[in-house]
Ligand code: 6PG
């Protein structure tokens, strides 16, 4: 684990774009394609805008989601919609995007199908995580139903369905699909992109106190680089 601190969000986005683009290019050279799992939320938008302009062989990049809210892919709270509008534009329009949403009524019924979709992308070349001030990352929310399954390393699952406890952070969309801790941990590069004093304080305290919050639990089993800007 390492901290990378920036003075501005522009510098954070530019550096992250360099680091991620380099990893994707290396993976393309080595295995003919790169898979990049990205988070929703609001934080990654500036990074996505920089990435769209990077001259990568984007047709060899498979973009996937770290997590999804169980809403239609046209919904304003859909991570797939967010990634399509904010990332899959410009040069990056040539990349493929594999979403997590299926027509199933709930994420539990969809788990097998989503695992089948996501298996061929393994191991991810790069995973971009975000974090909430409640200590969740991906859709690994504290006290969520399904959290233990998401951290169960004896299972080979890539994706798992969860139901979060409703909070300001979750909004109405408590039913989620998320990458498992195992799938995230197996990635060749894992970056956590966070902004603001509050999230930094939450994370520093959680690390110090071995709080058992999902984000620090994940850090105990995966090498994660933290990129922070005010
Ligand atoms: C989601 C995300 C989630 C996100 C954090 C931070 O779908 O909610 O993927 O894990 O990264 O909630 O969100 P903000 O960037 O909006 O603070």
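Any residue at all in region 200-207 that is outside any helix (DSSP H, G or I) and touching a residue at least 40 places away in the same chain (Cβ under 8 Å)? No, region 200-207 contains no residue that is outside any helix (DSSP H, G or I) and touching a residue at least 40 places away in the same chain (Cβ under 8 Å). Tallying residues that are within 13 Å of residue 193 (Cα to Cα) and without any contact (Cβ under 8 Å) to a residue 60 or more places away in the chain within region 14-26 yields 2. When region 143-157 is filtered for residues that are away from the ligand (no atom under 16 Å from the Cβ) and at pLDDT 95 or above, the ones remaining, listed by number, are 145, 148, 149, 152, 157. Screening 91, 128, 97 for residues that are within 12 Å of the ligand (Cβ to nearest atom) and either without any contact (Cβ under 8 Å) to a residue 40 or more places away in the chain or assigned to a strand (DSSP E or B) (or both) leaves exactly one candidate, 128.
Suppose the filter is in contact with a helix residue (DSSP H, G or I) (Cβ under 6 Å, 6 or more places away or on another chain) and more than 30 Å from residue 14 (Cβ to Cβ); does residue 175 pass it? For residue 175, the condition - in contact with a helix residue (DSSP H, G or I) (Cβ under 6 Å, 6 or more places away or on another chain) and more than 30 Å from residue 14 (Cβ to Cβ) - is met.
So which of 84, 117, 77 is within 16 Å of the ligand (Cβ to nearest atom) and either in a helix (DSSP H, G or I) or crowded, with 23+ Cβ neighbours inside 10 Å (or both)?
Just one listed residue meets the conditions, 84.
Of the residues contained in region 166-183, one or more are found to be away from the ligand (no atom under 16 Å from the Cβ) and either touching a residue at least 12 places away in the same chain (Cβ under 8 Å) or crowded, with 24+ Cβ neighbours inside 10 Å (or both).
Filtered by the rule that a residue be part of a loop (DSSP other than H, G, I, E, B), touching a residue at least 60 places away in the same chain (Cβ under 8 Å) and within 17 Å of the chain's Cα centre (by Cα), region 32-74 gives 39, 40, 41, 43, 44, 66, 70.
Condition test on residue 200, is it within 14 Å of the ligand (Cβ to nearest atom), surrounded by fewer than 19 Cβ atoms within 10 Å (Cβ to Cβ) and modelled with pLDDT of 95 or more?
Details: within 14 Å of the ligand (Cβ to nearest atom): yes; surrounded by fewer than 19 Cβ atoms within 10 Å (Cβ to Cβ): yes; modelled with pLDDT of 95 or more: yes.
Yes, satisfied.
Every listed requirement among (1) within 14 Å of the ligand (Cβ to nearest atom); (2) surrounded by fewer than 16 Cβ atoms within 10 Å (Cβ to Cβ) is met by residue 140 save one, (2).
Residue 24 meets the stated requirement of being out of contact with any helix residue (DSSP H, G or I) (no Cβ under 7 Å at 6 or more places or on another chain), buried (at least 17 other Cβ atoms within 10 Å of the Cβ) and assigned to a helix (DSSP H, G or I). Only a single criterion out of (1) surrounded by fewer than 22 Cβ atoms within 10 Å (Cβ to Cβ); (2) in a loop (DSSP other than H, G, I, E, B); (3) in contact (Cβ under 8 Å) with a residue 24 or more places away in the chain; (4) out of contact with any helix residue (DSSP H, G or I) (no Cβ under 8 Å at 6 or more places or on another chain) is not satisfied by residue 188, namely (4).
The values are calculated or read from the model by the stated rules, or taken from the named source; none is laboratory data. What you see is a predicted model; the values in this text were computed from it and never measured. Using ideal geometry, Cβ is built from the backbone for each residue, glycine included, and neighbour counts are taken over all protein chains shown.
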